[in-house]
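Let me begin by presenting the structure, written as C-alpha coordinates, before commenting on it.
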Amino acid sequence: MLVTDQTLDPKDWNTMRQLGHQMIDDMMDLLENIGDQPVWKNIPATAKTFYQEPVPQRPTSASAVYEEFKQFILPYYKGNIHPRFFAWVEGTGTPMGVLAELLAAAMNPNVGIGEHAAMYIDKQVIDWCKQMLHYPATASGILLSGGSMANVTGLAVARNHQLNKNIRKEGVRTVKGQMLLYCSAETHSCIQKAAEVLGLGTDAVRKISVDENYRININELVNTIEADILIGHHPFCIVGNAGTVNTGAVDPLEDLLAICNKYNLWLHIDGAFGALAKLAPEFSDSLKVIEAADSVAFDLHKWMYMPYEVGCVLIKNAKAHRDTFSVTPSYLTQVERGLAGGLESNNSFGLELSRGFKALKVWMSLKEHGLEKYAAMIRQNIKQAFYMGELINKEPKLELLTPVTMNIVCYRYNKTGLSNDALNQLNKEILIQLQEQGIASPSSTVLQGKYAIRVANVNQRSKLADFRLLVKETCRIGDDLMSGNFVK
Ligand SMILES: Cc1ncc(COP(=O)(O)O)c(C=O)c1O
(Lines give C-alpha, C1' and ligand atoms only; values in the text may rest on other atoms or scores of the structure.)
Protein backbone atom coordinates (compact mmCIF):
# COMPACT_ATOMS: atom_id res chain seq x y z
CA MET A 1 0.00 0.00 0.00
CA LEU A 2 1.31 3.46 -0.88
CA VAL A 3 1.67 5.62 2.22
CA THR A 4 0.86 9.24 1.43
CA ASP A 5 1.70 11.23 4.53
CA GLN A 6 5.34 10.29 4.96
CA THR A 7 8.03 12.77 5.90
CA LEU A 8 11.79 12.78 6.44
CA ASP A 9 11.41 14.68 9.70
CA PRO A 10 12.20 12.67 12.85
CA LYS A 11 9.42 10.82 14.63
CA ASP A 12 10.93 11.92 17.90
CA TRP A 13 12.20 15.49 17.74
CA ASN A 14 13.66 15.29 21.25
CA THR A 15 16.00 12.45 20.36
CA MET A 16 17.13 14.37 17.27
CA ARG A 17 17.61 17.51 19.37
CA GLN A 18 19.77 15.60 21.88
CA LEU A 19 21.82 14.12 19.06
CA GLY A 20 22.32 17.64 17.69
CA HIS A 21 23.50 18.88 21.09
CA GLN A 22 25.93 15.95 21.27
CA MET A 23 27.29 16.77 17.80
CA ILE A 24 27.89 20.38 18.76
CA ASP A 25 29.64 19.33 21.98
CA ASP A 26 31.81 16.88 20.08
CA MET A 27 32.74 19.38 17.37
CA MET A 28 33.59 22.12 19.86
CA ASP A 29 35.77 19.60 21.77
CA LEU A 30 37.45 18.66 18.51
CA LEU A 31 38.26 22.24 17.57
CA GLU A 32 39.31 23.25 21.09
CA ASN A 33 41.84 20.41 21.28
CA ILE A 34 42.79 19.90 17.66
CA GLY A 35 46.38 21.01 18.27
CA ASP A 36 46.95 17.92 20.46
CA GLN A 37 45.97 15.63 17.60
CA PRO A 38 48.13 14.57 14.66
CA VAL A 39 47.77 16.96 11.75
CA TRP A 40 47.09 14.03 9.41
CA LYS A 41 46.68 10.26 9.52
CA ASN A 42 46.82 7.50 6.95
CA ILE A 43 43.34 6.17 6.18
CA PRO A 44 43.23 2.48 7.14
CA ALA A 45 41.97 -0.19 4.74
CA THR A 46 38.86 -0.81 6.90
CA ALA A 47 37.76 2.77 6.38
CA LYS A 48 38.45 2.61 2.65
CA THR A 49 36.30 -0.52 2.43
CA PHE A 50 33.57 1.30 4.35
CA TYR A 51 33.70 4.14 1.79
CA GLN A 52 32.77 1.64 -0.91
CA GLU A 53 29.54 0.38 0.64
CA PRO A 54 26.66 0.50 -1.86
CA VAL A 55 23.76 2.90 -1.56
CA PRO A 56 21.73 2.04 1.54
CA GLN A 57 18.20 0.85 0.76
CA ARG A 58 17.04 0.51 4.36
CA PRO A 59 17.15 3.05 7.21
CA THR A 60 19.79 3.34 9.92
CA SER A 61 19.01 5.29 13.09
CA ALA A 62 20.36 8.85 13.19
CA SER A 63 22.55 8.02 16.19
CA ALA A 64 24.04 4.99 14.40
CA VAL A 65 24.78 7.14 11.34
CA TYR A 66 26.58 9.60 13.60
CA GLU A 67 28.58 6.74 15.16
CA GLU A 68 29.71 5.72 11.67
CA PHE A 69 30.73 9.30 10.96
CA LYS A 70 32.80 9.34 14.16
CA GLN A 71 34.42 6.01 13.39
CA PHE A 72 35.21 6.27 9.70
CA ILE A 73 35.07 9.89 8.61
CA LEU A 74 35.94 12.30 11.39
CA PRO A 75 39.34 10.80 12.39
CA TYR A 76 40.61 11.09 8.83
CA TYR A 77 40.16 14.83 8.49
CA LYS A 78 42.25 16.72 5.97
CA GLY A 79 43.87 18.74 8.73
CA ASN A 80 43.26 22.34 7.71
CA ILE A 81 41.57 22.85 11.09
CA HIS A 82 44.95 22.11 12.73
CA PRO A 83 47.48 24.79 13.78
CA ARG A 84 50.27 23.14 11.77
CA PHE A 85 48.44 22.78 8.47
CA PHE A 86 50.15 24.86 5.77
CA ALA A 87 49.40 22.96 2.56
CA TRP A 88 48.19 24.58 -0.68
CA VAL A 89 46.31 27.71 0.51
CA GLU A 90 43.58 26.44 2.81
CA GLY A 91 41.91 28.39 5.58
CA THR A 92 41.18 27.06 9.04
CA GLY A 93 37.53 27.92 9.65
CA THR A 94 36.19 29.05 13.03
CA PRO A 95 33.69 27.76 15.62
CA MET A 96 31.27 30.57 14.71
CA GLY A 97 31.64 29.55 11.08
CA VAL A 98 30.56 26.02 12.03
CA LEU A 99 27.48 27.32 13.82
CA ALA A 100 26.62 29.70 11.00
CA GLU A 101 26.66 26.77 8.57
CA LEU A 102 24.21 24.97 10.86
CA LEU A 103 21.89 27.97 10.91
CA ALA A 104 22.14 28.45 7.16
CA ALA A 105 21.31 24.78 6.60
CA ALA A 106 18.33 25.00 8.98
CA MET A 107 16.89 28.02 7.17
CA ASN A 108 17.95 26.38 3.90
CA PRO A 109 17.14 29.27 1.58
CA ASN A 110 18.02 29.06 -2.07
CA VAL A 111 19.72 32.44 -2.44
CA GLY A 112 19.13 32.72 -6.17
CA ILE A 113 15.94 34.69 -6.23
CA GLY A 114 13.03 35.93 -4.10
CA GLU A 115 12.05 38.35 -1.40
CA HIS A 116 13.57 36.89 1.78
CA ALA A 117 16.22 37.97 4.27
CA ALA A 118 19.05 35.82 2.92
CA MET A 119 19.01 37.76 -0.36
CA TYR A 120 19.63 40.98 1.57
CA ILE A 121 22.40 39.46 3.70
CA ASP A 122 24.04 38.13 0.55
CA LYS A 123 23.94 41.63 -0.92
CA GLN A 124 25.18 43.18 2.31
CA VAL A 125 28.16 40.83 2.36
CA ILE A 126 29.01 41.82 -1.23
CA ASP A 127 28.83 45.47 -0.11
CA TRP A 128 31.14 44.65 2.80
CA CYS A 129 33.56 42.96 0.38
CA LYS A 130 33.67 46.17 -1.67
CA GLN A 131 34.25 48.22 1.47
CA MET A 132 37.01 45.88 2.65
CA LEU A 133 38.95 46.39 -0.58
CA HIS A 134 37.90 50.04 -1.06
CA TYR A 135 36.33 48.99 -4.33
CA PRO A 136 33.71 51.34 -5.84
CA ALA A 137 30.28 51.09 -4.21
CA THR A 138 28.65 51.06 -7.65
CA ALA A 139 30.40 47.80 -8.58
CA SER A 140 28.55 44.49 -8.70
CA GLY A 141 29.68 41.19 -7.30
CA ILE A 142 28.73 37.67 -6.46
CA LEU A 143 29.69 35.08 -3.87
CA LEU A 144 30.83 31.83 -5.43
CA SER A 145 32.28 28.51 -4.32
CA GLY A 146 35.87 29.76 -4.55
CA GLY A 147 38.66 31.48 -6.42
CA SER A 148 38.43 29.31 -9.53
CA MET A 149 34.76 30.17 -10.02
CA ALA A 150 35.37 33.82 -9.15
CA ASN A 151 38.13 34.05 -11.75
CA VAL A 152 36.15 32.41 -14.56
CA THR A 153 33.18 34.65 -13.77
CA GLY A 154 35.32 37.79 -13.99
CA LEU A 155 36.97 36.61 -17.19
CA ALA A 156 33.59 35.80 -18.79
CA VAL A 157 32.59 39.44 -18.30
CA ALA A 158 35.95 40.62 -19.66
CA ARG A 159 35.58 38.40 -22.74
CA ASN A 160 32.05 39.61 -23.50
CA HIS A 161 32.70 43.25 -22.78
CA GLN A 162 36.03 44.07 -24.38
CA LEU A 163 35.33 43.58 -28.07
CA ASN A 164 32.70 45.59 -29.82
CA LYS A 165 30.82 42.42 -30.71
CA ASN A 166 27.88 40.44 -29.45
CA ILE A 167 29.96 37.53 -28.16
CA ARG A 168 27.05 36.28 -26.14
CA LYS A 169 25.02 35.68 -29.28
CA GLU A 170 27.72 34.82 -31.77
CA GLY A 171 30.30 33.17 -29.57
CA VAL A 172 33.97 33.81 -30.24
CA ARG A 173 33.91 32.08 -33.62
CA THR A 174 33.13 35.30 -35.51
CA VAL A 175 36.10 37.15 -34.03
CA LYS A 176 38.79 37.45 -36.68
CA GLY A 177 42.14 36.73 -35.08
CA GLN A 178 42.43 35.39 -31.56
CA MET A 179 41.18 36.93 -28.32
CA LEU A 180 44.21 36.90 -26.05
CA LEU A 181 44.73 37.09 -22.32
CA TYR A 182 48.08 37.86 -20.68
CA CYS A 183 49.39 36.72 -17.32
CA SER A 184 52.61 35.63 -15.72
CA ALA A 185 53.88 32.09 -15.92
CA GLU A 186 53.30 31.91 -12.15
CA THR A 187 49.54 32.43 -12.54
CA HIS A 188 47.23 29.81 -11.02
CA SER A 189 46.08 27.02 -13.35
CA CYS A 190 42.43 28.05 -12.90
CA ILE A 191 43.05 30.95 -15.31
CA GLN A 192 44.03 28.52 -18.04
CA LYS A 193 40.97 26.39 -17.28
CA ALA A 194 38.82 29.52 -17.43
CA ALA A 195 40.20 30.36 -20.88
CA GLU A 196 39.46 26.81 -22.01
CA VAL A 197 35.83 26.74 -20.83
CA LEU A 198 35.25 30.26 -22.17
CA GLY A 199 36.01 28.90 -25.63
CA LEU A 200 39.24 30.88 -25.96
CA GLY A 201 41.53 27.89 -25.64
CA THR A 202 44.84 27.35 -23.92
CA ASP A 203 46.62 29.08 -26.80
CA ALA A 204 44.81 32.30 -25.87
CA VAL A 205 46.72 32.46 -22.58
CA ARG A 206 50.01 34.23 -23.16
CA LYS A 207 52.16 33.21 -20.24
CA ILE A 208 54.79 35.86 -19.71
CA SER A 209 58.03 34.98 -17.93
CA VAL A 210 58.80 36.30 -14.44
CA ASP A 211 61.71 38.13 -12.88
CA GLU A 212 63.83 36.81 -10.02
CA ASN A 213 61.03 37.74 -7.60
CA TYR A 214 58.44 35.77 -9.56
CA ARG A 215 56.72 38.95 -10.80
CA ILE A 216 55.60 39.34 -14.40
CA ASN A 217 58.21 40.70 -16.80
CA ILE A 218 56.79 44.01 -17.95
CA ASN A 219 58.99 44.48 -21.05
CA GLU A 220 58.16 41.04 -22.35
CA LEU A 221 54.47 41.67 -21.66
CA VAL A 222 54.41 44.87 -23.71
CA ASN A 223 56.44 43.35 -26.55
CA THR A 224 54.13 40.35 -26.72
CA ILE A 225 51.00 42.51 -26.77
CA GLU A 226 52.41 44.69 -29.54
CA ALA A 227 53.50 41.72 -31.62
CA ASP A 228 50.05 40.15 -31.22
CA ILE A 229 48.30 43.33 -32.30
CA LEU A 230 50.55 43.57 -35.37
CA ILE A 231 49.47 40.15 -36.59
CA GLY A 232 45.77 40.92 -36.15
CA HIS A 233 45.00 39.33 -32.79
CA HIS A 234 42.82 40.87 -30.09
CA PRO A 235 44.46 41.27 -26.72
CA PHE A 236 41.55 41.79 -24.33
CA CYS A 237 42.72 41.22 -20.78
CA ILE A 238 45.64 41.13 -18.39
CA VAL A 239 45.38 38.99 -15.27
CA GLY A 240 47.52 40.44 -12.51
CA ASN A 241 48.49 38.40 -9.48
CA ALA A 242 47.97 39.76 -6.01
CA GLY A 243 49.77 36.88 -4.34
CA THR A 244 50.87 34.01 -6.57
CA VAL A 245 50.12 30.51 -5.40
CA ASN A 246 53.77 29.37 -5.47
CA THR A 247 55.50 32.19 -3.63
CA GLY A 248 52.98 34.93 -2.79
CA ALA A 249 54.46 37.33 -5.37
CA VAL A 250 52.53 40.48 -6.22
CA ASP A 251 52.87 41.56 -9.85
CA PRO A 252 53.70 45.24 -10.50
CA LEU A 253 50.02 46.10 -10.59
CA GLU A 254 50.53 49.84 -11.27
CA ASP A 255 52.38 48.94 -14.46
CA LEU A 256 49.69 46.48 -15.46
CA LEU A 257 47.02 49.13 -14.99
CA ALA A 258 48.96 51.61 -17.15
CA ILE A 259 49.37 48.98 -19.88
CA CYS A 260 45.66 48.15 -19.73
CA ASN A 261 44.82 51.83 -20.09
CA LYS A 262 47.19 52.26 -23.02
CA TYR A 263 46.00 49.22 -24.99
CA ASN A 264 42.38 49.30 -23.81
CA LEU A 265 42.54 45.99 -21.97
CA TRP A 266 40.51 44.69 -19.04
CA LEU A 267 42.52 44.41 -15.81
CA HIS A 268 41.47 41.38 -13.80
CA ILE A 269 43.21 40.65 -10.53
CA ASP A 270 43.52 37.17 -9.13
CA GLY A 271 43.81 37.94 -5.46
CA ALA A 272 42.58 34.55 -4.28
CA PHE A 273 44.34 35.04 -0.95
CA GLY A 274 46.56 38.07 -1.51
CA ALA A 275 43.83 40.63 -2.19
CA LEU A 276 42.97 40.55 1.49
CA ALA A 277 46.56 41.40 2.41
CA LYS A 278 45.39 44.88 1.42
CA LEU A 279 43.94 45.03 4.94
CA ALA A 280 47.51 44.98 6.31
CA PRO A 281 49.18 48.42 6.24
CA GLU A 282 52.37 46.81 4.85
CA PHE A 283 50.47 45.90 1.66
CA SER A 284 47.93 48.69 1.36
CA ASP A 285 50.14 50.62 -1.11
CA SER A 286 51.25 47.77 -3.36
CA LEU A 287 47.67 46.48 -3.56
CA LYS A 288 45.96 49.85 -3.94
CA VAL A 289 45.57 49.27 -7.68
CA ILE A 290 42.93 46.66 -6.90
CA GLU A 291 40.61 49.63 -6.38
CA ALA A 292 41.02 50.56 -10.04
CA ALA A 293 40.90 47.05 -11.54
CA ASP A 294 37.98 46.07 -13.75
CA SER A 295 37.47 42.93 -11.72
CA VAL A 296 39.00 41.18 -8.72
CA ALA A 297 38.59 37.60 -7.54
CA PHE A 298 39.32 36.53 -3.98
CA ASP A 299 38.46 33.87 -1.46
CA LEU A 300 36.93 34.24 1.96
CA HIS A 301 37.70 30.61 2.79
CA LYS A 302 41.40 31.37 2.55
CA TRP A 303 42.46 34.54 4.32
CA MET A 304 39.17 35.27 6.04
CA TYR A 305 39.21 31.81 7.64
CA MET A 306 35.60 31.07 6.65
CA PRO A 307 34.57 27.43 6.45
CA TYR A 308 34.50 26.03 2.92
CA GLU A 309 33.24 27.24 0.53
CA VAL A 310 33.07 30.93 -0.23
CA GLY A 311 34.82 33.10 -2.79
CA CYS A 312 33.87 36.41 -4.35
CA VAL A 313 34.28 38.33 -7.58
CA LEU A 314 33.71 42.08 -7.81
CA ILE A 315 33.15 43.74 -11.18
CA LYS A 316 33.48 47.46 -11.57
CA ASN A 317 31.08 47.73 -14.51
CA ALA A 318 27.85 46.29 -13.10
CA LYS A 319 26.12 46.62 -16.47
CA ALA A 320 28.79 44.57 -18.21
CA HIS A 321 28.42 41.98 -15.45
CA ARG A 322 24.64 41.80 -15.82
CA ASP A 323 24.87 41.80 -19.63
CA THR A 324 27.05 38.70 -19.45
CA PHE A 325 24.70 36.53 -17.41
CA SER A 326 21.17 37.90 -17.24
CA VAL A 327 18.40 35.83 -18.88
CA THR A 328 14.83 35.97 -17.66
CA PRO A 329 12.55 33.14 -18.72
CA SER A 330 8.90 33.46 -17.69
CA TYR A 331 9.31 31.19 -14.67
CA LEU A 332 11.95 33.55 -13.21
CA THR A 333 10.09 36.80 -13.78
CA GLN A 334 10.24 39.12 -10.80
CA VAL A 335 7.24 41.15 -9.73
CA GLU A 336 6.65 44.18 -7.52
CA ARG A 337 5.21 42.33 -4.48
CA GLY A 338 5.19 38.94 -2.81
CA LEU A 339 7.84 36.22 -2.73
CA ALA A 340 8.91 36.82 -6.34
CA GLY A 341 9.64 40.49 -5.64
CA GLY A 342 12.65 41.98 -3.94
CA LEU A 343 16.24 42.31 -5.08
CA GLU A 344 17.46 41.48 -8.55
CA SER A 345 18.08 37.76 -8.94
CA ASN A 346 21.66 36.63 -8.32
CA ASN A 347 21.23 34.58 -11.46
CA SER A 348 21.87 37.81 -13.39
CA PHE A 349 25.46 37.87 -12.09
CA GLY A 350 26.68 34.32 -12.57
CA LEU A 351 26.00 30.87 -13.94
CA GLU A 352 24.32 29.48 -10.85
CA LEU A 353 20.63 29.75 -10.18
CA SER A 354 20.46 27.64 -7.03
CA ARG A 355 22.87 28.93 -4.41
CA GLY A 356 23.25 28.28 -0.70
CA PHE A 357 23.35 30.82 2.11
CA LYS A 358 27.16 31.07 2.19
CA ALA A 359 26.84 34.75 3.05
CA LEU A 360 25.62 33.97 6.56
CA LYS A 361 28.95 32.63 7.84
CA VAL A 362 30.71 35.70 6.45
CA TRP A 363 28.14 38.03 7.96
CA MET A 364 28.19 36.38 11.39
CA SER A 365 31.98 36.09 11.50
CA LEU A 366 32.56 39.72 10.52
CA LYS A 367 30.05 40.79 13.17
CA GLU A 368 31.66 38.52 15.74
CA HIS A 369 35.22 39.77 15.27
CA GLY A 370 35.06 43.02 13.31
CA LEU A 371 37.26 43.78 10.31
CA GLU A 372 40.12 45.13 12.44
CA LYS A 373 40.60 41.70 13.98
CA TYR A 374 40.84 40.11 10.53
CA ALA A 375 43.44 42.70 9.52
CA ALA A 376 45.39 41.81 12.68
CA MET A 377 45.16 38.08 11.93
CA ILE A 378 46.39 38.56 8.37
CA ARG A 379 49.31 40.63 9.63
CA GLN A 380 50.02 37.93 12.19
CA ASN A 381 50.18 35.27 9.46
CA ILE A 382 52.57 37.43 7.44
CA LYS A 383 54.77 38.06 10.50
CA GLN A 384 54.80 34.33 11.27
CA ALA A 385 55.93 33.58 7.71
CA PHE A 386 58.76 36.13 8.00
CA TYR A 387 59.67 34.62 11.38
CA MET A 388 59.90 31.18 9.82
CA GLY A 389 62.07 32.63 7.04
CA GLU A 390 64.43 33.99 9.71
CA LEU A 391 64.57 30.63 11.49
CA ILE A 392 65.47 28.95 8.21
CA ASN A 393 68.14 31.52 7.44
CA LYS A 394 69.71 30.88 10.85
CA GLU A 395 69.68 27.10 10.39
CA PRO A 396 72.64 25.92 8.27
CA LYS A 397 70.89 22.67 7.37
CA LEU A 398 68.03 24.51 5.70
CA GLU A 399 67.88 26.74 2.66
CA LEU A 400 65.27 29.37 1.89
CA LEU A 401 64.49 28.98 -1.81
CA THR A 402 63.04 32.44 -2.29
CA PRO A 403 62.82 35.41 0.07
CA VAL A 404 59.58 35.56 2.05
CA THR A 405 57.45 38.41 0.71
CA MET A 406 54.01 37.64 2.11
CA ASN A 407 52.70 34.50 3.81
CA ILE A 408 54.46 31.77 1.82
CA VAL A 409 57.76 30.14 2.75
CA CYS A 410 59.55 27.84 0.29
CA TYR A 411 62.54 26.00 1.71
CA ARG A 412 64.46 22.75 1.66
CA TYR A 413 66.80 20.68 3.73
CA ASN A 414 70.21 21.05 2.14
CA LYS A 415 73.39 19.07 2.47
CA THR A 416 76.52 19.90 0.56
CA GLY A 417 77.67 17.17 -1.73
CA LEU A 418 74.21 16.06 -2.81
CA SER A 419 73.09 16.60 -6.39
CA ASN A 420 69.95 18.62 -7.05
CA ASP A 421 68.09 15.44 -8.01
CA ALA A 422 69.12 13.79 -4.76
CA LEU A 423 68.03 16.87 -2.79
CA ASN A 424 64.70 16.80 -4.59
CA GLN A 425 64.16 13.16 -3.61
CA LEU A 426 65.29 13.81 -0.06
CA ASN A 427 62.97 16.77 0.46
CA LYS A 428 60.04 14.95 -1.08
CA GLU A 429 60.55 12.20 1.50
CA ILE A 430 60.96 14.73 4.34
CA LEU A 431 57.64 16.31 3.42
CA ILE A 432 55.83 12.98 3.31
CA GLN A 433 57.30 12.03 6.69
CA LEU A 434 56.30 15.36 8.24
CA GLN A 435 52.74 14.52 7.22
CA GLU A 436 52.80 10.80 8.01
CA GLN A 437 54.28 11.40 11.44
CA GLY A 438 51.40 13.82 12.04
CA ILE A 439 53.75 16.74 12.75
CA ALA A 440 52.84 19.33 10.15
CA SER A 441 51.34 19.53 6.68
CA PRO A 442 53.16 21.85 4.32
CA SER A 443 52.78 21.03 0.61
CA SER A 444 55.34 21.28 -2.16
CA THR A 445 56.25 23.08 -5.33
CA VAL A 446 59.22 23.23 -7.67
CA LEU A 447 61.14 26.50 -8.02
CA GLN A 448 63.75 26.62 -10.78
CA GLY A 449 64.10 22.86 -10.70
CA LYS A 450 64.40 22.73 -6.92
CA TYR A 451 61.81 20.77 -4.95
CA ALA A 452 60.52 23.08 -2.25
CA ILE A 453 58.70 22.34 0.98
CA ARG A 454 56.07 25.05 0.82
CA VAL A 455 54.35 26.64 3.81
CA ALA A 456 51.32 28.80 2.97
CA ASN A 457 50.07 30.41 6.13
CA VAL A 458 46.37 31.31 6.24
CA ASN A 459 45.98 29.59 9.59
CA GLN A 460 44.25 31.39 12.44
CA ARG A 461 45.33 28.70 14.97
CA SER A 462 49.11 28.73 14.42
CA LYS A 463 51.47 30.11 17.03
CA LEU A 464 55.18 30.93 16.66
CA ALA A 465 56.00 27.65 18.44
CA ASP A 466 54.35 25.75 15.57
CA PHE A 467 56.87 27.22 13.13
CA ARG A 468 59.77 26.48 15.47
CA LEU A 469 58.61 22.88 15.69
CA LEU A 470 58.31 22.57 11.92
CA VAL A 471 61.86 23.86 11.41
CA LYS A 472 63.23 21.55 14.10
CA GLU A 473 61.40 18.51 12.79
CA THR A 474 62.44 19.16 9.18
CA CYS A 475 66.05 19.05 10.38
CA ARG A 476 65.46 15.93 12.48
CA ILE A 477 63.82 13.98 9.66
CA GLY A 478 66.45 15.20 7.18
CA ASP A 479 69.24 14.10 9.56
CA ASP A 480 67.57 10.73 10.14
CA LEU A 481 67.25 10.13 6.44
CA MET A 482 70.86 11.14 5.83
CA SER A 483 72.19 8.91 8.61
CA GLY A 484 70.29 6.01 7.05
CA ASN A 485 71.92 7.03 3.77
CA PHE A 486 68.55 7.56 2.16
CA VAL A 487 70.16 9.43 -0.71
CA LYS A 488 73.52 8.49 -2.15
C1 LIG B 1 46.38 32.55 -6.54
C2 LIG B 1 45.25 31.56 -6.58
N3 LIG B 1 44.30 31.70 -7.51
C4 LIG B 1 43.24 30.86 -7.58
C5 LIG B 1 43.12 29.82 -6.69
C6 LIG B 1 41.93 28.90 -6.79
O7 LIG B 1 41.06 29.15 -5.72
P8 LIG B 1 40.01 28.04 -5.23
O9 LIG B 1 40.84 26.89 -4.74
O10 LIG B 1 39.24 28.69 -4.14
O11 LIG B 1 39.16 27.66 -6.40
C12 LIG B 1 44.09 29.63 -5.71
C13 LIG B 1 44.00 28.50 -4.76
O14 LIG B 1 44.87 28.28 -3.95
C15 LIG B 1 45.17 30.54 -5.64
O16 LIG B 1 46.13 30.42 -4.71
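The values are calculated or read from the model by the stated rules, or taken from the named source; none is laboratory data. What you see is a predicted model, and the numbers here were worked out from it, not measured in a lab. Don't worry about glycine lacking a Cβ; one is built from the backbone with ideal geometry, like all the others, and counts go over all protein chains shown. Heavy atoms of the whole protein, side chains included, go into the accessibility calculation; ligands, DNA and RNA do not. Shrake-Rupley method; radii C 1.70, N 1.55, O 1.52, S 1.80 Å.
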Query raised in the report: What percent does the relative contact order of the range 305-440 come to when contacts are Cα pairs within less than 8 Å and at least six residues apart?
Result: 13 percent
Report task. Please label the shape of the range 234-371 as rounded, prolate or oblate, based on the square roots a ≥ b ≥ c of the eigenvalues of the alpha-carbon gyration tensor (a/c under 1.5 means rounded; beyond that, a/b larger than b/c means prolate, else oblate). Result -> oblate
Query raised in the report: Rounded to the nearest 5, what % of the DSSP beta bridges within the chain are antiparallel ones?
Result: 55 percent
Report task. Quickly rank 345-357, 264-276, 362-374 as a protection proxy: mean count of other C-beta atoms within 10 Å, highest first. Result -> 264-276, 345-357, 362-374
Query raised in the report: Among the aspartates and glutamates, which fall within straight-line cross-link reach of LYS428, defined as a Cα-Cα distance under 15 Å, with same-chain neighbours fewer than 8 residues apart omitted?
Result: GLU399, GLU436, GLU473, ASP479, ASP480
Query raised in the report: Which order, highest average first, do 436-447, 165-176, 49-60, 455-466 follow once you tally other Cβ atoms within 10 Å for each residue and take the mean per peptide?
Result: 455-466, 436-447, 165-176, 49-60
**Report entry** Cα-Cα over 28 Å, subset of LYS169/LYS278; LYS207/LYS450; LYS70/LYS302; LYS123/LYS319; LYS373/LYS397
**Finding:** LYS169/LYS278; LYS373/LYS397
Requested in this report: Using only alpha carbon pairs under 8 Å that are at least six residues apart, calculate the relative contact order of the range 191-323 and give it in whole percent.
Outcome: 16 percent
**Report entry** log₁₀ of I(q)/I(0) at q = 0.12, 0.14 Å⁻¹ - the chain, Debye sum with one point per alpha carbon
**Finding:** -1.18, -1.40
**Report entry** For TYR451, solvent-accessible area (1.4 Å; no DNA, RNA or ligand), Å²
**Finding:** 30 Å²
Requested in this report: Could you go through the range 231-239 in sequence order and give the Karplus-derived ³J(HN,Hα) for each residue, using 6.51 cos²θ - 1.76 cosθ + 1.60 with θ = phi - 60°, rounded to whole Hz, and x for Gly and Pro?
Outcome: 9, x, 7, 10, x, 10, 7, 10, 9
Query raised in the report: Ordered by residue, what ³J(HN,Hα) values in Hz, to whole numbers, does the range 78-91 give under the Karplus form 6.51 cos²θ - 1.76 cosθ + 1.60, where θ = phi - 60° and Gly and Pro are x?
Result: 5, x, 6, 8, 8, x, 10, 9, 9, 7, 6, 9, 10, x
Query raised in the report: When we measure straight from the Cα of LYS176, which lysines land under 20 angstrom away, once same-chain ones fewer than 8 places off are left out?
Result: LYS165
Report task. Would you mind calculating the relative contact order of the chain from Cα pairs under 8 angstrom and at least 6 residues apart, reporting the percent as a whole number? Result -> 22 percent
Query raised in the report: lysines within cross-link reach of LYS394: Cα-Cα under 16 Å, excluding same-chain residues under 8 positions apart?
Result: LYS415, LYS472
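Would you work out if the range 1-119 is rounded, prolate or oblate? Take a ≥ b ≥ c from the square roots of the eigenvalues of the alpha-carbon gyration tensor; rounded if a/c is under 1.5, else prolate when a/b is larger than b/c, oblate otherwise.
Note, shape of the range 1-119 comes out oblate.
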**Report entry** Note, ³J(HN,Hα) from phi for the range 445-462, Karplus 6.51, -1.76, 1.60, rounded to Hz, x at Gly and Pro
**Finding:** 8, 10, 10, 6, x, 9, 5, 10, 7, 10, 10, 10, 9, 10, 10, 8, 9, 6
